[in-house]
Every structure is written in structure tokens, then in C-alpha cells.
Amino acid sequence: MLRHITGLVGRALMLMTILVLAPHTAHARDDRYASIVVDADNGNVLYAVNPDRRSYPASLTKVMTLYLLFDALEQGKLTLNSRMPVSAHATRQSPSKLNLKVGDRIDVEDAVLSLVTKSANDVAVVVAEAIGGSEDDFAEMMTRKARQLGMNSTTYRNASGLPDMGQISTPRDQATLARALVRHHGRYYHYFSTRQFNWQGQPISTHNRLMLRYQGADGIKTGYINASGFNLIASAKRDGKRIVGVVFGGNTAGWRDNNMAQILDKGFARLGRGAEMRSAAIEEEDRADLDKLIASAASEPTNKGSNTARASFKAPAADQDVGDADPDSWGIQVGAFGDYKTSHKAASTAAKKLGALVSVATVDVAKAKSGKQVVYRSRLTGFTEDQARAACKRLTKAKQACKVVQPTA
């Protein structure tokens with residue numbers, strides 16, 4: 001009976017949250033999308049569409065996790081070489097993760113690198129427990145820090161960004177956090193520029209593809225759960241001026257990245273327009289572009305059955321998160337091997353045969369079981385469907401075995 005009552009209360013609270021936070025559902029992508037670009041030096045708004053719309057931050061959450069870790073480093077409570085223990089709770093987190101085992105230890109610097117590149121959820125919990133004692137207590141610390149920084153619309157419930165209906169934020173708050181991180185922890189900000197790091201001999205590449213192609217970009221974090229869509233905080237510096245952009249609710253990772261590039265361009269253009277642009281008129285002007293944004297999102301290909309195109313602020317299901325990966329990404333597989341090193345080498349060799357297509361490819365060795373045997377699938381990901389098929393066609397001509405791998409989410 002108690003479980004039944006608890007379930008009813010939970011569903012009632014969920015419904016109340018949806019009604020309060022998402023009153024409009026006629027245009028799903030309109031209800032999802034929100035963005036802001038600010039001058040990192042003074043916080044002046046350079047671009048804004050629905051900047052105070054609340055949604056789930058997803059793995060953008062890890063920026064605050066890292067902020068508190070950097071606090072601990074500055075305070076001398078930890079060093080970059082400190083070894084943090086791995087609990088059973090940490091190992092139970094959903095991917096993306098490093099697949100740590102109970103009793104393992106990971107040093108602080110490797111933890112930082114795994115969070116900014118792979119967005120490892122198990123490592124986020126390790127950090128939380130090392131600093132806060134428990135993840136729940138750490139989440140309270142995160143929320144208190146958010147209030148201190150002026151992030152008044154943000155509440156944290158966990159350290160990773162995995163689905164929790166109580167964990168909410170806004171683009172404006174996330175821009176505030178990014179500015180504070182650069183200002184207060186500038187000595188550690190360079191970690192967000194990491195493109196790849198090695199974990200136990202295995203190279204791990206960043207999820208932040210915009211950083212690899214946008215002029216001046218040097219971080220900072222991607223995020224995705226089905227309920228939020230594709231989120232991104234980005235920072236770029238040109239001619240000595242830094243701006244910060246935040247996008248919530250992209251329909252696909254590619255659309256989100258392209259949109260971020262567009263609004264950062266607008267931000268840099270407006271830096272020189274003077275104080276007359278520093279007003280609420282910016283959001284009114286930018287709202288006029290929203291129909292174009294939504295139309296371009298509608299033209300993006302989405303997976304059949306994917307939840308990413310549905311109404312905006314719904315309660316997240318615990319089994320829907322893909323841990324900051326890109327479920328809309330197509331891939332190719334060029335073999336399956338009995339060890340990681342051979343599989344990674346096969347994918348890297350295949351990548352060299354792709355010509356211009358290699359610019360969008362990411363080596364992705366997928367560990368799987370075939371009966372009782374562990375195999376490592378040698379893959380390249382990050383393609384659109386057309387790119388994946390073109391890549392396989394090119395490899396087949398080069399007498400390289402290849403098959404197209406559809407998105408998994």
C-alpha cells in the first residue's frame with residue numbers, strides 16, 4: 001500500500017512539474033529550444049532566445065561538479081595526484097563511463113580529463129563522494145554554490161546529469177557558471193580544451209566537436225538526455241575578447257553545433273556595436289529568428305522512434321539517457337577483434353583511407369560480448385547517413401571490409 005501511495009504521489013508531482021515548467025506544447029521544438037550568448041568579461045547579453053527557460057542540464061551538470069573539484073584543489077583539500085576511491089554506487093552509473101570497479105582508485109587529474117572528454121558518469125560520482133561524502137550531500141553543495149554564483153533558477157540532484165526531474169537549470173544560469181569558472185578557476189580551464197587523453201592505454205576523444213572546428217573555441221561541455229535534447233556550453237576567444245554561448249534543446253548534435261556556431265558569430269559581431277545593444281531589445285530581435293531556427297531543426301533527420309523530437313519539458317526516464325553520446329550519429333564498422341589495441345589500430349588504418357570524410361570521423365572501439373567471448377568492434381562514428389554510406393563505399397573500393405552502423409538510440 002505504501003509503495004502504491006508513493007507511486008501516486010510521485011506521478012502527481014511529475015504532472016505538476018510538467019504543467020508548471022512546460023505550459024506550451026503546440027510546437028515541440030519551440031518549447032525545447034533556448035539559448036544565450038554573453039560577453040565573458042562583463043556578462044552583457046549579446047544574443048538571447050528564451051534564456052530563462054528551465055530544462056534539464058544533462059551532462060552540463062559536470063561543469064559544476066568540476067567547479068567544486070577545482071575549489072577543493074585551490075583550498076588544498078586535494079591535489080591533482082590525489083587518489084579517489086571508487087564505490088559500488090559509482091560503478092552502478094549508466095554510460096558513458098570508464099567502467100571502474102569497486103575498490104579502484106583514480107587520481108584527480110585523470111578524473112578531470114575523463115569528465116571533460118568522455119563525460120564519465122561513474123567518475124562524476126567518485127568526485128562527488130570524495131568531496132561531499134555522498135552524492136546527495138555533494139548535490140546540496142552544488143546547489144549552494146549555484147546560489148552563491150547567482151544561479152537562482154538552478155537546482156542540482158546529482159553530480160553527473162543523469163535523469164532526475166528535480167535537476168533543472170537555464171541557459172542564463174549555465175552562462176553565469178561558465179563565466180565564473182573562467183574567472184575563478186582560470187588555471188584549470190585549459191582542461192576543457194583537451195581533445196584526447198589516454199586511460200590505461202586507451203585513447204579517449206572529446207565529445208565536443210564544435211571545439212574542433214570553430215575559430216577561437218576552447219571548450220567547454222556537451223550534454224544530452226532524451227528529455228532535454230542536445231545541450232552545449234561553448235566558449236571562444238578572438239582578438240582578446242571571450243564570449244560564452246549556451247544552447248539547450250537542440251534536435252540533433254549536429255544541428256546544436258551548427259546553431260551554436262551561428263549565435264557565437266552573432267555574439268562576436270555585436271561586441272562592437274556598443275552599449276545600445278545591451279538591453280531587452282536583444283531578445284526581442286533574436287526571437288524573430290526563432291521560426292527560422294525551428295524550421296531548420298525540422299529539416300534535420302531524426303531517428304525513427306527517437307524521443308528527441310517530442311515535447312520539451314517532460315520528466316526524464318532513468319533508462320533513456322545515453323550519457324552524452326550522440327544517438328543520431330551514424331557509423332561504420334570495419335572489423336571485430338579479440339583485443340582493444342588491434343581493434344583501435346584497424347579503425348585508425350581505415351580512417352586514413354577516407355580522404356576528406358576523415359574530418360568528421362571519430363575512432364570508437366565498442367566492447368561487446370559474443371556468447372561468452374568479449375569482442376572489440378572496430379568502428380568510426382560521427383557521420384550522417386549519407387557520409388557513412390559514402391565512407392563504406394570508399395573503403396569497399398579499397399578492398400576494406402565495411403558495414404554501415406545505424407544510430408542506436
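The values are calculated or read from the model by the stated rules, or taken from the named source; none is laboratory data. All of these numbers come straight from a predicted model, not from anything done at the bench. Ideal geometry is used to build each Cβ from the backbone, glycine not excepted, and the neighbour counts take in all protein chains shown. Each accessible area value is taken on the protein alone, full model and side chains, heavy atoms only, with ligands, DNA and RNA left out. Shrake-Rupley method; radii C 1.70, N 1.55, O 1.52, S 1.80 Å.
Below, the figures for the structure above:
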quantity	calculated
Table column - 3J(HN,Hα) (Hz), the range 77-82, Karplus curve with 6.51, -1.76, 1.60, x for Gly and Pro	6, 9, 10, 5, 9, 4
With every protein chain in place, the range 174-254: carbon and sulfur % of accessible area (1.4 Å)	42 percent
Three principal axis lengths of the range 155-291 [C-alpha, angstrom, descending]	53, 37, 29
Exposure of Thr79 as accessible area (Å², to 10), given a probe of 1.4 Å and all protein chains	80 Å²
Over the range 133-288, relative contact order from alpha-carbon pairs under 8 Å, at least 6 apart, %	13 percent
Placed amide H near Ala40: partners under 5 Å, 5+ positions off or other chain	Arg242, Ile243, Val244
Cα centroid separation, the range 57-101 to the range 178-249 (Å)	17 Å
Theoretical gain in end-to-end length, Lys101 to Asp339 [0.36 nm per residue, Cα-Cα removed]	83.7 nm
Gained length - Asn152 relative to Lys397, 0.36 nm times residue gap less alpha-carbon distance	82.5 nm
Interchain or long-range residues, amide H under 5 Å from Ala336's placed H	Ser378
Taking the range 57-147 and dividing mean pair separation by its residue count, relative contact order in percent (alpha carbons under 8 Å, at least six apart)	29 percent
Cβ-Cβ FRET estimate between Arg183 and Glu385, R0 fixed at 56 Å, reported to 0.05	0.85
Sequence ranges 121-132, 224-235, ranked by mean other-Cβ count within 10 angstrom, highest first	224-235, 121-132
Using θ = phi - 60° and Karplus 6.51 cos²θ - 1.76 cosθ + 1.60, couplings along the range 383-396 (whole Hz; Gly, Pro as x)	8, 7, 4, 4, 5, 4, 5, 5, 5, 5, 4, 5, 5, 4
Subset of Lys237/Lys352; Lys97/Lys266; Lys101/Lys367; Lys118/Lys397; Lys101/Lys403; Lys145/Lys266 violating a 28 Å alpha-carbon distance limit	Lys237/Lys352; Lys97/Lys266; Lys118/Lys397; Lys101/Lys403; Lys145/Lys266
5 angstrom amide H check on Ile220, placed H, neighbours 5+ away	Ile233, Ala234, Ser235
Residue-by-residue Karplus 3J(HN,Hα) for the range 168-178, coefficients 6.51, -1.76, 1.60, Hz, glycine and proline x	9, 7, 9, x, 4, 5, 5, 5, 4, 5, 4
Ratio of the Cα radius of gyration of the range 165-205 to 2.2 N^0.38 Å, where N counts its residues	1.61
Chain lengthening between Trp199 and Gln373 when straightened (0.36 nm per residue, less Cα-Cα)	60.3 nm
